[in-house]
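The values are calculated or read from the model by the stated rules, or taken from the named source; none is laboratory data. Keep in mind that what you see is a predicted model, and the values were worked out from it rather than measured. Note that each Cβ is placed from the backbone with ideal geometry, even for glycine, and that neighbours are counted across all protein chains shown. Remember, those area values only see protein heavy atoms, side chains included, never the ligands or the DNA or RNA. Shrake-Rupley method; radii C 1.70, N 1.55, O 1.52, S 1.80 Å.
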Amino acid sequence: MLSTAEIGIDLGTANILIYSKSKGIVLNEPSVVAIDVNTKQVVAVGAEAKEMVGKTPQNIIPIRPLKDGVIADYDVTAQMLKEFLKKVSKKIGMSMRKPIVVVCTPSGSTTVERRAIHNAVTSYGAKQVHLIEEPVAAAIGSDLPVDEPVANVVVDIGGGTSEVGIISFGGVVSCNSVRTGGDKMDDEIIHHIRKQYNILIGERTAENVKMEIGFAHPNHKEETMEIRGRDMVSGLPKTVVITSTEIHYALKESLDSILETIRATLENCPPELSGDIVDNGIVLTGGGALLRGMQEWLSNELIVPVHLAPNPLESVAIGTGRALKMISKLQKATK
């Protein structure tokens, strides 16, 4: 009971995952908090709060305190972490007093953004807080040989950001981050349906459309889906049928910006490591990697093999947890 709890936290824009050394992933919930405006009290967190998005009375507001992979609302994030860590200590049956925490940060985040993450975790009473870069965590979680002198290329397509990193010897050789991810794709679907059909749909409907008929590859067997929203002319509810081809064109801009980021990162790669990339290829992680046809489309465009991580949604969290063992090695590499 007296041993210090060691946990890894993946502070994602869409989901927060907490990894405990003894139990593996102990929490995987949406990073949403519902707050009562009048009392400033937290009403619900995680899955319960996500259910409320777009369906609450005026005094309760669901907030997503993380934007583009970094903290947008500091106080709410600290409260959310507190609630999640309470849940985790109940689950493990072990007190979370003064844990040692590893948190991952987007590779493009500024010193101020990193300090905000550090302080939010410290305010809960963590004994030590280590920050590691997201591509490194994703590579460790995808079972790549991170500390060997070979190029490991990881493309992590998350909710707020997409990170591309080339990792060798435990450190980042070249990396780029673009603030395009699952959320931006949802926005593009909302925008397309409003422009094309004059219908307003919510974020959750857009996310369902992306998951059911979103394709990254232009050549696919066309599928259709029925969606419901509010007609902007009459103000009444209306149902329309949309096709996967038009959704592909709605997502094209986001997909192209992710592709450009991968290209830019590969261009900065030392020639010795470029040879490894042709052999080993690229590993995709993050929720965006599950978009249908993503692997095939990227390998056609980049002409290198593209693999999907064993567990794309959880690889960053698993990586932060495993990084606890090799934290001193990783920090030497980053300094």
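Label-point separation (nm) for Asn311 and Ile60, each offset 7 Å from Cα along Cα-to-Cβ?
With each label placed 7 Å out from Cα toward Cβ, I get 3.2 nm.
Defining a contact as two alpha carbons under 8 Å apart and six or more residues distant in sequence, what relative contact order in percent does the chain show?
Once divided by the residue count of the chain, the mean separation gives 19 percent.
Could you check the simple spin-label distance between Arg263 and Leu200, using points 7 Å along Cα→Cβ, in nm with one decimal?
With each label point 7 Å from Cα toward Cβ, the separation is 3.8 nm.
With a cap of 12 neighbouring Cβ atoms within 10 Å, and only residues DSSP puts in a loop, list the GluC sites (Glu not before Pro) found in the stretch 186-283.
Glu222
Label points 7 Å out from Cα along the Cβ direction at Asp73 and Glu296: separation in nm?
4.1 nm
Just the number please: accessible area per residue for the chain, 1.4 Å probe, all protein chains included, in Å².
About 47 Å² of surface per residue is accessible.
Work the Kirkwood hydrodynamic radius out for the stretch 72-153: mean of 1/r over every pair of different alpha-carbon atoms, inverted, in Å.
14.3 Å
With only Lys, Arg, Asp and Glu charged, each at its Cβ (+1 for the first two, -1 for the last two), find how big the charge dipole of the stretch 1-102 is about the Cα centre; round to the nearest 20 debye.
380 debye
Can you send over the solvent-accessible area of Cys104, 1.4 Å probe, protein chains only, in Å² to the nearest 10?
Its accessible surface works out to 0 Å², give or take rounding.
Run the accessible area of the chain with a 1.4 Å probe and give the carbon-and-sulfur part as a rounded percent.
Accessible surface attributable to carbon and sulfur in the chain totals 51 percent.
Between (i) 20.8; (ii) 21.8; (iii) 20.2, which entry matches Kirkwood radius over Cα pairs in Å as derived from the coordinates of this structure?
Looking at Kirkwood radius over Cα pairs in Å for this model, the match is (i).
Could you list which residues have their amide H under 5 Å from that of Val102, counting only those 5 or more apart in sequence or on another chain, with H placed in the peptide plane?
Close amide H contacts, sequence-distant or interchain: Ile7, Gly8, Ile9, His130.
Per-residue ellipticity at 222 nm for the chain, helices alone: DSSP H runs ≥ 4 residues times -39500 (n - 2.57), over residue total, nearest 500 deg cm²/dmol?
-12000 deg cm²/dmol
If you place +1 on the Cβ of every Lys and Arg and -1 on the Cβ of every Asp and Glu, how big does the dipole about the Cα centre of the chain come out, in debye to the nearest 20?
So the magnitude is around 1560 debye.
Based on Cβ point charges of +1 for Lys and Arg and -1 for Asp and Glu, what charge dipole magnitude is obtained for the stretch 191-335 about its Cα centre, in debye rounded to the nearest 20?
Charge dipole of the stretch 191-335: 640 debye, to the nearest 20.
Quote to one decimal, in nm, the extra length available between Ile303 and Asn219 on full extension: 0.36 nm per residue of separation minus the C-alpha distance between them.
Computed gain between Ile303 and Asn219 is 28.5 nm.
Give the long-range amide H neighbours of Leu27: residues separated by 5 or more places, or on another chain, with amide H under 5 Å away, using H modelled in the peptide plane at 1.01 Å from N.
Amide H neighbours of Leu27, under 5 Å, 5+ apart: Ile18.
Using 0.36 nm per residue, how much length does the chain from Glu253 to Thr39 gain when fully extended, once their Cα-Cα distance is taken away?
72.9 nm
If you find the alpha carbon centre of the stretch 223-287 and of the stretch 52-99, how far apart are they in angstrom?
28 Å
Please tell me the relative contact order of the stretch 230-335 in percent, rounded to the nearest whole number, where contacts are Cα pairs under 8 Å and at least six residues apart.
Averaging sequence separation for qualifying contacts and normalising by length gives 19 percent for the stretch 230-335.
Can you pull the accessible area of Asp279 for me, 1.4 Å probe, Å² to the nearest 10?
110 Å²
How much length would be gained if the chain were fully extended between Glu51 and Asp187, taking 0.36 nm per residue of separation minus their Cα-Cα distance, in nm to one decimal?
47.1 nm
Given a Förster radius of 22 Å and the C-beta distance between Ser22 and Glu148 as r, what FRET efficiency does 1/(1 + (r/R0)^6) yield to the nearest 0.05?
0.20
Which of Ser168, Ser234, Ser244 moves the most in a Gaussian network model of the chain with Cα springs under 10 Å?
Among Ser168, Ser234, Ser244, the largest mean-square fluctuation in the Gaussian network model of the chain belongs to Ser234.
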